[in-house]
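J.: I'd like to ask you about the structure that follows.
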Amino acid sequence: MISYFLAFLLAFGVAAALTPLVRRAALRWGIVDEPTGGRKIHTRATPLLGGLGVFGAFTLIVLGYTLATDQLFGGYLLPKHVAGLILGGAILMIGGYLDDRHHLRPSRQILFPIAASLVIIASGIGVEYIRNPFGEAIQLDAVKWAIFEWNGVPYSLTLFADLFALVWLLGMMYTTKFLDGLDGLVPGVGVIGSVILFFLSLSKEVAQPETALLAIIFAGACLGFLVWNWHPAKIFLGEGGSLFVGFLLGVLAIISGAKVATALLVMGVPILDVLWVIVRRLWTRTSVAVGDRKHLHFRLLDAGLSHRAAVCVLYLITIAFGVSSLFLETSEKVKAFAVLGGMMLALILSLTILYKRKK
C-alpha cells in the first residue's frame, strides 16, 4: 500500500507544480474565461487550459512507472493500453486548446472525444460482457470481424462491444463536461471516483493492481489541480480538462469490464442530472448543446447554498454511493442506482420549490 501512496504523492506534487505554469501560459496567451453572466458565476477573467496540468502530471508519472518499474505490466494491462490512454488524452488536450482559444462549434468539438474514444477501442480496451442482475451475462463479443494480424496477434472489429465502449466513453466525457460549472466540482469528483475505482481494483473479485495504480495516480493528479481550482478558482479545467476527467474514469471502469456498475453509482448524480437536463431541453425544444443554469449544482446555488457548500453536498452524495458500491453485488447496485434516481428527483423538485419561494 505504501507504493500506491507514493504514486499518489508524486502525481499530486507534479500536478500542483505544473498547474501554475499552465496558468501563467494561459494568461500570456490570453486564453481566459470572461465573466459574462448567465452560467458563468465567476467575477474575474480566469485562465483556462487547466486540464494540461492534470494530463501532464498523469502522463509523466505513468511514463516514469513504465520506464523505471514493472508495476504497470504483467497482468491484464498491456503497453498498448497505456499508449492508448496517453494518445487519447493528448487528442483531448489538442481539441481543448483549440476550443478554449477559438470557441469551436459543438459539431467540431465532438470530433476530438470521438477520436479519443476510437483510440481506446483500437488499443484493445473494451467490454466483452455486461453482468445482467436478472439473469445470465450479456455477451457483447458475439459479432466479430477480423481486420488484420500483427506479430501473431489478431485485431478485430467487435460490433456491440466497440459500440458500447464508444457510447460509454462519450457519455462519461460529456457528463463531466456538463458538470463543470462550479469551482472544484469536476476535479473533486475525479478524485472520489478514481479512489473508489482504486479500492475496487484491489478487491479479490477484481484483483487488478495495475489498474489500481493508474487510478491512484489519476487521483493524485486531480487533487494537485484541485489546490488551484478550489473556490475562488485561480484556473479552470477548460474544455480538454473537463472531458479528460470523464475519459479517464470511463476507461478505468471498462478495463476488463468489471467496474461499469460501480462507475455508474459514483457518477450517478451528474449522469442523472445530465439526463434530466437533456430530456427537459428536448421537451422544450431547446438546443442540447446550449448551456443553461438548470443543472443541479446551479439549483443548489439558487436555493441559497454557498459555492463551497454546494460543491461539498455533491461530494458527499458521490462519496456515499461510491463507497456503497464497494460492498454491493451487481443486482444491489441496480437497486441503489434506482434509489439515487428517486433522491435526485426529490432533490430537484425541492430545490425548484425553494427557489420559487425565494424569488
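The values are calculated or read from the model by the stated rules, or taken from the named source; none is laboratory data. Since we're looking at a predicted model, the values are computed, not measured. Don't worry about glycine lacking a Cβ; one is built from the backbone with ideal geometry, like all the others, and counts go over all protein chains shown.
J.: All but one of (1) modelled with pLDDT of 80 or more; (2) in a helix (DSSP H, G or I) hold for residue 332; which doesn't?
T.: Among (1) modelled with pLDDT of 80 or more; (2) in a helix (DSSP H, G or I), residue 332 violates only (1).
J.: Only one of (1) within 15 Å of residue 218 (Cα to Cα); (2) surrounded by fewer than 16 Cβ atoms within 10 Å (Cβ to Cβ) is not met by residue 25, so which one is it?
T.: (1)
J.: Among the numbered criteria (1) over 21 Å from residue 199 (Cβ atoms); (2) exposed (fewer than 14 other Cβ atoms within 10 Å of the Cβ); (3) not aliphatic (A, V, I, L, M), which single criterion is violated by residue 327?
T.: Result: residue 327 passes all but (1).
J.: In the range 60-81, which residue that is surrounded by fewer than 21 Cβ atoms within 10 Å (Cβ to Cβ) and of a type in the set (Val, Ile, Thr) is farthest from the chain's Cα centre (by Cα)?
T.: Checking each candidate, the answer is 69.
Table: residues versus (1) buried (at least 22 other Cβ atoms within 10 Å of the Cβ); (2) acidic (Asp, Glu); (3) under 23 Å from residue 84 (Cα atoms).
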{"site": "194", "(1), (2), (3)": "yes, no, yes"}
{"site": "204", "(1), (2), (3)": "no, no, no"}
{"site": "210", "(1), (2), (3)": "no, yes, yes"}
{"site": "213", "(1), (2), (3)": "yes, no, yes"}
{"site": "229", "(1), (2), (3)": "yes, no, no"}
{"site": "277", "(1), (2), (3)": "no, no, no"}
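J.: Here's something else I'd like to know. Does residue 59 count as at pLDDT below 95 and polar (S, T, N, Q)?
T.: On the way: at pLDDT below 95: no; polar (S, T, N, Q): yes.
So residue 59 does not fit the description; no.
J.: Being of a type in the set (S, T, N, Q) and more than 13 Å from the chain's Cα centre (by Cα) is the filter here; which residues of the range 229-271 pass it?
T.: Result: 229, 256, 262.
J.: Before we move on, is residue 49 at positive phi and at pLDDT 90 or above?
T.: It is true that residue 49 is at positive phi and at pLDDT 90 or above.
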